[in-house]
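Engineer: I'd like to ask some things about the structure below.
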Amino acid sequence: MLIIPCPHCGPRPENEFRYSGEAHIARPADPEATSDAEWADFLYMRSNPKGRHAERWRHIHGCGRFFNCIRDTVSDRIERSYPAGTRP
Amino acid sequence: MVDRRSPLAGLAGAAPSIPAARLVALPPCARVVLRTAAVLDLPIVQDINRAVVAGGVASLRLGPDEWLILAPDAGPIFAAASGHAAAVVDVSHRQVAIEIAGPRAAEVLNGHCALDLGAAFPPGMCTRTLLGKAEIVLWRTGADEFHLEVGRSFAPYVWQCLEEGRREHA
Ligand SMILES: [Zn+2]
């Protein structure tokens, strides 16, 4: 089982968490001025790297908070986690 | 008048005495979920994932803006929150309390719960977590004593998970 560090609660077992996809994907601020291609990019396109990945997690069976986390998709090693709304 | 029955009445009555990990269905009490960023005139704990008991009222801080308060009466909590930007919800009958205590209590819990119950979880610490498939609130009230808050319909399941584990120490 992975041990995931929640920024509020500290290191916790993986089964207390839910994965929520890639982090730092902002919804277009002005939908009217956004092209179909830009919408598709926002909705569907993800970086899917082999290696270092910034992603969102939710401590759903803990404090309930979303947060961001940097995890290596090859080794599963977690570099660090930081609160939602902040940058690494 | 409706007679409220504990979901554990049958199980607790039939439980064997196992001093290494005693299992007790605790009596009913008032329970309030408090969510606020305001500072209320209440003696509630400030450290996250910690619990304190003051004047017969236990407060458990479960998240950055969330407390579970266990008290003889919910009235004073509603009164203290009145006029503040706060969500106060009476959940007295949503969940029931189970205590497991004894030198093997932590080991029995770890049979179904992946939390590190060593030095990382000292007395006074509390958190929401998973026990088997059920979400619970776990509060370490003493070195060998744990208070569990369990959803009413999950209570027989959680009880039987713990019963299965502690019978190894009969
Ligand atoms: Zn957390």
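What follows draws every value from the coordinates through simple rules; no lab data is involved. For clarity, every value in this text was computed on a predicted model and none was experimentally measured. When we count neighbours, we look across all protein chains shown, and the Cβ atoms used for this are built from the backbone with ideal geometry, even at glycine.
Engineer: Between segment B:35-71 and segment B:1-23, what's the alpha-carbon centroid distance in Å?
Structural biologist: Measuring centre to centre over Cα atoms gives 28 Å.
Engineer: Sort the following peptides by mean Cβ neighbour count (other Cβ atoms within 10 Å, averaged over residues), highest first: A:48-60, B:129-141, B:36-48, B:53-65.
Structural biologist: Values: A:48-60: 15.6, B:129-141: 19.8, B:36-48: 13.5, B:53-65: 17.5.
The densest-packed peptide leads the list: B:129-141, B:53-65, A:48-60, B:36-48.
Engineer: Next question. Which whole number gives the average, over all residues in B:64-75, of C-beta atoms from other chains lying within 10 Å of the residue C-beta?
Structural biologist: On the way: counts 7, 3, 3, 0, 0, 0, 0, 0, 0, 0, 0, 0.
The per-residue average across the peptide is 1.
Engineer: For helix B:155-166, what angle does its Cα long axis make with the longest principal axis of chain B, in degrees from 0 to 90 and rounded to 10?
Structural biologist: With rounding to tens, the tilt is 40 degrees.
Engineer: On to the next question. Partner chain Cβ atoms within 10 Å, averaged over the residues of A:5-17 - can you pull that number for me? Walk me through the intermediate numbers first.
Structural biologist: Details: counts 0, 2, 1, 4, 8, 5, 2, 6, 6, 1, 6, 8, 0.
That works out to 4 on average.
Engineer: Need one value for A:51-64: mean number of C-beta atoms belonging to other chains within 10 Å of its residues' C-beta atoms. Don't jump to the answer; show the numbers that get you there.
Structural biologist: Details: counts 0, 0, 0, 0, 0, 0, 0, 0, 3, 3, 8, 9, 10, 6.
Taking the mean over all residues of the peptide, I get 3.
Engineer: Still on this model: Over chain B, what is the relative contact order in percent, taking alpha-carbon pairs closer than 8 angstrom and at least six residues apart? Write out the running numbers ahead of the final one.
Structural biologist: Numbers: 326 pairs, mean separation 45.6, N = 170.
Rounded, it is 27 percent for chain B.
Engineer: Sorted by mean Cβ packing within 10 Å, highest first, what order do the peptides B:23-31, B:149-157 take?
Structural biologist: Numbers: B:23-31: 16.7, B:149-157: 18.2.
Ranked from most to least packed, the peptides come out as B:149-157, B:23-31.
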